[in-house]
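Each remark here refers to the structure printed beneath this line.
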Amino acid sequence: MIAPFSAAVLALLLWSGTAIANKIAVGYMDGLTVGVLRSMLAGFFAVAIGFSLKLRFPESHKDRTLLMISGLSSFAFWPMLLSIGIERTTAGHAALIMAMIPVFTVFLGTVIQRRLPHFGWWLGAVLALAATALLIMGRGLSIEAIHDGSSVRGDLIILAGCVFCAVGYVAGGKLSPKIGTVATTFWGLSVALVILIPVFSAITGRTHWTKVPTDIWLAVAWMTFLSSLAGYALWFFALGKGGIARIGSLQLVMPVITLMVAAVLLDETLTPLLTSTCVAIVAGTYLAQRNAS
């Protein structure tokens, strides 16, 4: 159990740095460029890995549709919205809002299956959603107002991205039993290139590439190789060896890790509102996950 647990912890550490690296990168590039660039680079490597490992590709039209939905939602729209949103808010806010992804995923999954979640799930989901609403609107109703580096607009963009991410997870979850989780992920990254390459071609002129600082490239590299590729590989290994129920609950520590790292590296302030909503969102998500099935 030590190996899968260690792999899971390492994956969570890598993923916890995603919001931090994203915030560093948008300090020089615009959010759309960052979101497209990180996924596009990961997609190129995913194509190479997919062919070299001869990963199974979906054969039926239905399964290819699921792959398209999963790839575009999880690896194109979600990273773009995350980066655009984080350009307008803090890494701490982003991390707490991202904690809602499991809640959205379960809700969408049960809607597709035409059944309702358990009562305990609703309690946890309402608690997490109410805390998220308080986090976003606690500074007032002004969309443009900025407080402590965060804005309502930025938070709402990330929240919308979380819905896209959940859609991708649901589609990927229906496809994974047929071709495998690794194949679903790497071919999903590859499929996202259909949108990412044209968008990147249209916006590449926004950035002076020869003047991009080293720390920005390091942040992009973190998101490309560590968050997107290594993180998923480690997580899949941990889930396969340690069990989904046992390992999956470890995701709840991600917002806490990101908040602490953001406070140290980005000088983000741990306000009473941020701390209290963190506790409520994590507790609500935990309760929802326990009653998801």
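In this simple spin-label model, placing a label point 7 Å from the Cα along the Cα-to-Cβ direction at both R115 and T210 gives a separation of 6.1 nm. Relative contact order, whole percent, for the chain stands at 41, derived from Cα pairs under 8 Å and 6 or more residues apart.
A crude spin-label estimate for the pair A230 and L218, with each label 7 Å from Cα along the Cβ direction, gives 1.4 nm. The convex hull of the Cα atoms of region 2-290, projected and averaged over all directions, covers 15.3 nm². All Cα-Cα separations within region 80-120 were binned at 10 Å from zero, giving a P(r) of 25, 37, 24, 14, each value a whole percent of the pairs.
Using the Karplus relation 6.51 cos²θ - 1.76 cosθ + 1.60 with θ = phi - 60°, the per-residue 3J(HN,Hα) values for region 65-76 come to 5, 4, 5, 4, 5, 4, x, 5, 6, 7, 10, 10 Hz, with x marking Gly and Pro.
Here region 79-108 is scanned for amide nitrogen atoms under 14 Å from the site 7 Å beyond the Cα of T269 along Cα-to-Cβ, giving 90. List the lysines whose Cα sits under 16 Å from the Cα of K54, skipping any in the same chain fewer than 8 residues away. Here the lysines satisfying the reach criterion relative to K54 are K178.
Residues of region 173-200 with backbone nitrogen within less than 11 Å of a virtual label 7 Å along the Cα-to-Cβ line of T65, please, listed as ranges. Hits in region 173-200 for T65 at 11 Å: none.
Arrange M254, M100 by Cβ neighbour counts within 10 Å, fewest through most, would you?
M254, M100
Extending 7 Å from the Cα toward the beta-carbon at both V279 and S201 defines two label points whose distance is 5.3 nm.
Sequence-ordered 3J(HN,Hα) estimates for region 37-54 from the Karplus curve with 6.51, -1.76 and 1.60 and θ = phi - 60° stand at 4, 5, 6, 5, 5, 5, x, 4, 5, 5, 4, 4, 5, x, 6, 5, 8, 6 Hz, glycine and proline given as x.
Values in this text are rule-based calculations from the coordinates and carry no lab data. No experiment lies behind these values; they were computed from the predicted model shown. Don't worry about glycine lacking a Cβ; one is built from the backbone with ideal geometry, like all the others, and counts go over all protein chains shown.
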